[in-house]
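No lab work stands behind these numbers, since they all come straight from the coordinates. Note that the structure is predicted; figures quoted are calculated from it, not measured. As a convention, Cβ positions derive from the backbone with ideal geometry for all residues, glycine included, and neighbour counts pool all protein chains shown.
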Amino acid sequence: MMLHPATAHFAMVLPVVASVFGLAYLVSKSETMSKISARTALFAAIAMVGVWYTGSQAGPQIYNFLSEAGKHELVEHKELGLYLAIAMSVVALIQMAGCKLQKFGIQALGIILTVVVMAVTFIQGKHGGEIVYEHGQPFQMTQLEKFVSGDELEMAEDVEEVTTLVKEKIATISEETCAKIGCKSDDDESENEESEDEE
């Protein structure tokens with residue numbers, strides 16, 4: 001199972017939370033808001049590093065399933081993810097230093113940079129969504145389209161035979177896809193259910 005989609009949501013939300021508490025600190029100059037903002041920025045940095053790592057693991061698993069434009073965008077997505085992880089780590093250090101030294105100017109700079117990182121994170125999230133929903137052209141659909149437009153179905157004698165051939169092809173494509181990305185096919189799941197029932 002890919003952890004990247006789950007971890008990505010933390011990396012999206014935490015800079016927002018850090019920014020909100022940071023802006024509250026700029027208005028109130030409350031020590032409590034200062035500490036919360038700095039600590040949340042630190043958690044956001046950890047989340048960014050984590051999401052970059054999980055993305056690095058997930059990327060190769062889906063690369064071959066993408067269109068050419070999607071492959072290009074995936075590489076850019078990975079690079080921007082690394083830059084965001086580094087940037088958020090530096091911003092967190094600035095915020096922590098400002099909080100520890102009780103220097104308003106340093107922490108204000110960190111908060112402004114947190115807002116910038118937050119905005120870029122939203123752009124990164126948009127690109128991630130495009131990779132999945134626009135460029136995915138999932139392998140299964142591409143293979144099925146090739147099969148349907150091929151000669152094999154033209155040789156079928158009736159609708160029943162066409163339906164059978166399409167179902168068989170879907171099952172084959174599903175198995176091939178699962179073999180490529182390491183997921184469980186329907187057959188594996190049904191076997192697991194049967195073994196659980198026997199126990």
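Summary of computed values
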{"read-out": "Nitroxide proxy distance, nm - points 7 Å out along Cα→Cβ at TYR83 and THR172", "value": "4.4"}
{"read-out": "Karplus-derived HN-Hα couplings along region 109-125 (A = 6.51, B = -1.76, C = 1.60, θ = phi - 60°), whole Hz, x at Gly and Pro", "value": "4, x, 5, 4, 5, 4, 5, 5, 4, 4, 5, 5, 4, 5, 5, 4, x"}
{"read-out": "Inter-label distance for VAL162 and ASN64, nm, one decimal - labels placed 7 Å from Cα along Cα-to-Cβ", "value": "3.2"}
{"read-out": "Karplus-derived 3J(HN,Hα), 6.51/-1.76/1.60, for each residue of region 95-104, Hz, glycine and proline x", "value": "4, 4, 5, x, 5, 5, 7, 6, 9, 4"}
{"read-out": "Spin-label pair VAL16/ALA97, simplified geometry with 7 Å Cα→Cβ offset, distance in nm", "value": "3.0"}
{"read-out": "Whole-angstrom gap from region 76-114 to region 1-25, using each part's C-alpha centre", "value": "14"}
{"read-out": "Out-of-range pairs (alpha-carbon distance over 22 Å; input LYS78/LYS169; LYS78/LYS100; LYS29/LYS100)", "value": "LYS78/LYS169; LYS78/LYS100"}
{"read-out": "Amide hydrogen neighbours beyond the local backbone of LEU3, cut-off 5 Å, H modeled", "value": "none"}
